[in-house]
Every structure is written in C-alpha cells, then in structure tokens.
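Chemist: My questions will all concern the structure given below.
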Amino acid sequence: MSAASPVASLDLADILVQHTRLEPSQLEEARRIQAETGRRLAEVVVDQGWLGEDEVIEALAAQLALPVRREIDPDAIDGELLARVPIGFAKSHGLLPFERSEDAVRVAISDPFQTEPLDDLALLFEGAEVQPELAPRRVILAAINQAYDRGTTSAADLVDDATEDLSALADEISHEPQDLLDAADDAPIIRLVNSLLQQSVKERASDIHLEPFEGDIRVRFRIDDVLYEPIASLPKTLQASVVSRLKIMAGLNIAEKRLPQDGRIRLKIAGRDYDVRVSTVPVAHGERVVLRLLPRTNDMVDLEVLGFSKIQLEAMSKLIARPNGIVLVTGPTGSGKTTTLYAALSRINSVDKNIITIEDPVEIQLAGVGQIEVNPRIGLTFAAGLRSVLRQDPNVILVGEIRDLETAEIAIQASLTGHLVFSTLHTNDAPSAITRMVDMGVEPFLVASSLAAVLAQRLVRVLCTECREAYQPTPEQLAEIGVRANGPITAYHPAGCARCNHTGYRGRVGIFELMMIDDDIRAMVTQTSDAKSIKRKAMEKGMGSLRTDGARKVVKGITSIEEVLRATEDEGVVAQI
C-alpha cells in the first residue's frame, strides 16, 4: 500500500455489523457519538464496551485480508525508521514502522481506513512500498513509547550540538549582551534538557542535580539513593541557557538569580505523567538546580512488596484496620515513609471510608481519597488544614508531617475523638518518636493514650539477581550486623552488569522497626522515660531493631552486609539466626 488503499471503497460500519456481534441499534448510537465528538467509529464502539479492540481488529483483518500483529518488539525496530517518523505523527495516527527491506516498509496500523498517513509514509520513505499490518492501538502506543524512549539521543551526544550552536550565536552578536531567553529557546538547548529528563527516567533516577563550578557544570542522577554521574560534565558556556530553560519550564523568574526559587513542571515521558519539582539556589559559581521526579500514577505499591516480614505484615494489617489512634512512621527524608503510608491507605481505601490527606506536596495520586496540599503563603498549614478536615466527617486522616505542637495536639484530639490518624516524624528510631513529641510540648499522658504504634524504616538497595556473587561471611563480618550464626551462612556481594548499570544493585526495599504501644510502654511514656529505656522494654517484648531486620534480608540474599551497615546504626543487639 503506497498511494491508494484497496480498502477505501469498503465501509467499516458494514464490516462491524456483518462480522461482529455489534447490533444495528448500537451502530446508530455509535454514529451519533461519532458525529458529536469527531472520534473514530472503532474507538467509540470499543469505549462503549460493545466490542473489544481485538474483535474489531479480527473483523477488519478477515475482510481486508491484512495480517494481524499481536505484539511488537521495540528493541528490534531499526533506529533509522524511528528517526524519519516523528513521534507525534506516529501517536496521532496510531501507526509504527517496524521493519524495512530493500523496497518495502512494514507498518503496524490500528485503522486501515486512514489512508493519508500511509501515503505520507510512502513519500517519507522515498516511494518504498508501505505494507500495513493490523495491530491493536494499545499495542502500537506501548511500542511507540518504548521504541522512541530507547532511541532518544543521549544528553552527552547533544552537548556538542548545543555548544557549537551557542558559539555561532555568540559570534553573531559578539558586540551585544546575550539574551538568555532567546538562548534558552534555542532548539539544541531544548533538546539537551529534554534528553536529560528522558535519560533520568530511563535510568530510574529520583533526582537530577545540576551543580555549577568554576570551569564546568556537574550533572548527577540519584538512583536508588546513591548519586552517579551519567555523563561528562557540561561546558560552562551552557550554564545560563540550561538554567533559564528549566526556569521557563517551571514558571520561575529567569531574571532573578540572587534568591532561591521553587517551581514545578508537568511532563509526559514515554507515556507516563511526571511531576518534576524544581529548586534553584544561588551558589559561588552560578545557580544550583535540583529536580525531583515524581511519577503521577494510580498504581499503588502493596504492603506485601515493601519488605515487611510476615509478623510485621500481620501487625500492620491489624493497625490499619483500627477505628482510631495514631500510627507514626519515622525516618530521614527519602526513607520511603510516604510510600508506606499510601500503601496502607490503598489497602483500606473503600467506599465506606472517608479518607483525607494533608501533604506538602501531594506526591502520589490515590483515587477516592481527598488530597489537600498545604500552602503556607495563604495560611494553609498542616494545623489549619487538619482543623478544617475534622469538619469533613473523615474516618482516616493522613497528615504529611507533624512539625509543631499545634499540629501534634490537633492530631491527638482527632485520634481521641474516633479517627485513625497516620503521620510522619523525622527521628532515628521508633522509641525516639515518643520523646520527640514530648519535647514538642505534648503532654505525656496524651501521647500515651493516643499513640497506637510507631514504625521506623530505612531503604536498602536490592542486589541484582543477574550478577550477585555468593560468599561465606566470616563471624566478624556477621557480628558487624549483629548476627550470631548457628551454622554456615551464604551472603552475596554486588558485582555489576548491564542490567543494573554496573552498580550491583537494582531497586530498593525497606527495613523496619515496628514498636507496638501496649500498657507497659504507655506507663513508661506517662512517667517520661527516656528513649533508650523504652526501646529496651519494646525489644524485651519482641520488637526487632532496624539492623536486625536488615540482617535477615542479608541472610535471604536480598541485600548486602555493606548496605545494612550504610543504612543503620550499631545498636549493640545480637540476633541468633
């Protein structure tokens, strides 16, 4: 099929009525919707649930004698084909060229009645015969996202282009000051910034750091909580343009370079939506920029995959089913507290519960939950938001962080009046959360009566299963993580391969310390006992420490001894394993 389509004289509506289970009355309704919305007939009947996409494809294939392709391997597509067809063209028309021979190009299409794009492809490929194959639109779009993401030019490859272009621009206007807005809008700079964002997503980075120094700009990605340099440093000549481009995307003031600024970018990369939080601060050699990448998704992580042991999971399940009380999650920034709390909320999220959250900012979208983002500039603080939420008849409340006495007291009153409250604190372990609340000024008896449990957590990197190397740790190495072995134990070293970017690790998992508040602990809280005494009592009652939980994951081959030592402190506890 190169210029004219052999199916042009056929009618899709007739094919669907004659060769599928579509009723004539449904066809009439579909045509009415099509006329009102301008959408394609096939899309309407699928969206209305009258036919499945596969049924439409099968009917079309049978009547038009076209082959059907159920899957497309993005890695097998020639990069030259992708370079010739813009991604916007491919997505809007639901097509993807996937293979080329000497005089023909095979193209996956979802709608064979759209002949103009196929004619355009024939011109694009210099008269080569375009051979269409039918494929579901979802298969084509997924392949487009993966193939074009794989084929994206790396940021390192674009640095030279941007540098050369700015040099040419400087030659042209050497006698005038450089207009940073014009430079930031220049195509090579835009491509460079976009490439950095795409590469960071591809490599699973959570943050991008752009750090100016005297002679260059260092670029680092934070992947699994560790910073890496994915490319060589950027030339100093690109600094103003790159920073200005990011400021424009985030809606910041490009003329203000003396004060810190914060903004946000909404992006779609490889078919996924992202919120990118942008922070700039002035430093000695320019402006330092950090971007935090937050995927906007409704696919919640379940408690089972976060790393809880069976006993901890049972205890957490009972806690989140309580009708009232406070459950605190503690740990440093970036230790996964928000993910744990949202996994708990998603488990109890149902029609019969009214769940409201107050966060700074809203990092994860959860359907069916009212989410409030604090804004101190207009007086919407955690305390003010929490006070208003109590008038919204909630069953469960999530407070992003207890930062002051006012928020703590309102949260406690909410728990005492029949609400289940989740929140976070920044403390090193679970018992310290109690003393932190008392230090804020909360009466010890209120803490004791309202608190149900405290969960301390850290994140450790997971060993890559493709390249990890087994070894027998010495008793001294085991003693470092508080383990006394009854027999030989197999542990694993990180090695490094292409799958894990030669780090030896891929992904992270939580290690936990769950302290349940029983009558004995409550009595100690009321007597204002110190954190060490409370911890000692909790461990007598079966609480495992963070390092002990990490040691169990070492023995299971999930992580390494080095990771547990990096993430935890020596607690002087020895566990028999």
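Chemist: Stretch Asp54-Asp530 to full length: gain in nm at 0.36 nm per residue minus the Cα-Cα span? Write out the running numbers ahead of the final one.
Modeler: Values: separation 476, 0.36 × 476 = 171.36 nm, distance 6.50 nm.
The Asp54-Asp530 span can extend by a further 164.9 nm.
Chemist: Counting only protein heavy atoms, what percent of the accessible surface of the chain is carbon or sulfur at a 1.4 Å probe? Don't skip to the end; give the middle numbers.
Modeler: Numbers: 13130 of 27200 Å².
Looking at the chain in its full context, I get 48 percent from C and S.
Chemist: Ok, one more. Looking at the P(r) of the chain, how many percent of alpha-carbon pairs lie beyond 48 Å? Before the final figure, lay out each step's value.
Modeler: Numbers: 46846 of 166176 pairs.
Considering the chain, 28 percent of its Cα-Cα pairs are separated by more than 48 Å.
Chemist: Would you mind working out the accessible area per residue for the chain, using a 1.4 Å probe, and quoting it in Å²?
Modeler: Working: 27200 Å² over 577 residues.
That works out to 47 Å² per residue.
Chemist: A follow-up question, please. What are the equivalent ellipsoid semi-axes of region 324-380, built from the alpha-carbon gyration tensor (square roots of five times its eigenvalues), in whole angstrom, biggest first? Show your work: numbers first, answer last.
Modeler: Values: eigenvalues 74, 57, 25 Å².
Computed over region 324-380, the values are 19, 17, 11 Å.
Chemist: In addition: With unit charges on the beta carbon (Lys/Arg positive, Asp/Glu negative), name the residue among Ser346, Pro136, Val85 whose Cα is farthest towards the positive pole of the charge dipole of the chain.
Modeler: Checked the options; the winner is Ser346.
Chemist: Scan around Leu398 for amide H atoms under 5 Å from its own, H built in the peptide plane at 1.01 Å from N, and keep only partners 5 or more places away or cross-chain.
Modeler: Correct list: Ile356, Thr357, Ile358, Phe422.
Chemist: Size of the dipole of region 384-515 about the Cα centre, Lys and Arg at +1 and Asp and Glu at -1 on the beta carbon, nothing else charged, in debye to 20? Write out the running numbers ahead of the final one.
Modeler: On the way: 11 positive and 13 negative charges, 106 e Å.
Dipole magnitude for region 384-515 comes out near 500 debye.
Chemist: Taking a cut-off of 30 Å between Cα atoms, list the lysines near Lys541, but don't count ones fewer than 8 places away on the same chain.
Modeler: Lys310, Lys318, Lys337, Lys532, Lys553, Lys556
Chemist: Under the 0.36 nm per residue contour assumption, what length would be gained going from the current alpha-carbon distance of Glu80 and Arg204 to full extension?
Modeler: On the way: separation 124, 0.36 × 124 = 44.64 nm, distance 2.60 nm.
42.0 nm is the gain from fully extending Glu80 to Arg204.
Chemist: Given region 221-316, report the % of alpha carbon pairs whose separation exceeds 19 Å. Don't skip to the answer; put the middle values down first.
Modeler: Details: 2711 of 4560 pairs.
Of all Cα-Cα distances in region 221-316, 59 percent exceed 19 Å.
Chemist: For region 428-577, what are the per-bin percents of Cα-Cα distances with bins 10 Å wide, up to the bin holding the maximum?
Modeler: Result returned by the calculation: 11, 35, 27, 17, 9, 1.
Chemist: Further question: Using a simple spin-label model with points 7 Å from Cα along the Cα→Cβ vector, what separation in nm is obtained for Ala367 and Lys236?
Modeler: About 5.3 nm separates the two model spin labels.
Chemist: Calculate for the chain the 222 nm mean residue ellipticity that helices alone would give, adding -39,500 (n - 2.57) per DSSP H run of length 4 or more and normalising by residue count, nearest 500 deg cm²/dmol. Walk me through the numbers before you get to the answer.
Modeler: Working: 23 runs with 230 residues, N = 577.
One gets -11500 deg cm²/dmol as the mean residue ellipticity at 222 nm.
Chemist: Now for a separate question. Taking the radius of gyration and the Kirkwood hydrodynamic radius from Cα positions alone, what is the Rg/Rh ratio for region 385-498, to two decimal places? If you can, show how the numbers build up before the last one.
Modeler: Numbers: Rg = 21.5 Å, Rh = 17.8 Å.
Computed over Cα atoms, the ratio is 1.21.
Chemist: Another question, if that's okay. For region 491-577, build the convex hull from the C-alpha positions and give me its volume per residue in Å³. Could you put the intermediate results ahead of the total?
Modeler: Working: hull volume 9.0 nm³, N = 87.
Measuring per residue, one finds 103 Å³ for the Cα hull of region 491-577.
Chemist: Can I ask one more? Return the sequence-ordered ³J(HN,Hα) values of region 259-276 in whole Hz as given by the Karplus equation 6.51 cos²θ - 1.76 cosθ + 1.60 applied to θ = phi - 60°, using x for Gly and Pro.
Modeler: 10, x, 9, 10, x, 8, 10, 9, 10, 10, 10, 6, x, 10, 8, 10, 9, 10
Chemist: Using 0.36 nm per residue, how much length does the chain from Val281 to Arg499 gain when fully extended, once their Cα-Cα distance is taken away? Don't skip to the end; give the middle numbers.
Modeler: On the way: separation 218, 0.36 × 218 = 78.48 nm, distance 3.48 nm.
The span from Val281 to Arg499 would gain 75.0 nm if fully extended.
The values are calculated or read from the model by the stated rules, or taken from the named source; none is laboratory data. From a predicted model like this one, the values you see are computed outputs, not experimental measurements. With ideal geometry, Cβ positions are generated from the backbone for all residues, glycine too; neighbour counts draw on all protein chains shown. Keep in mind that these areas ignore ligands, DNA and RNA; they rest on the heavy atoms of the full protein, side chains included. Shrake-Rupley method; radii C 1.70, N 1.55, O 1.52, S 1.80 Å.
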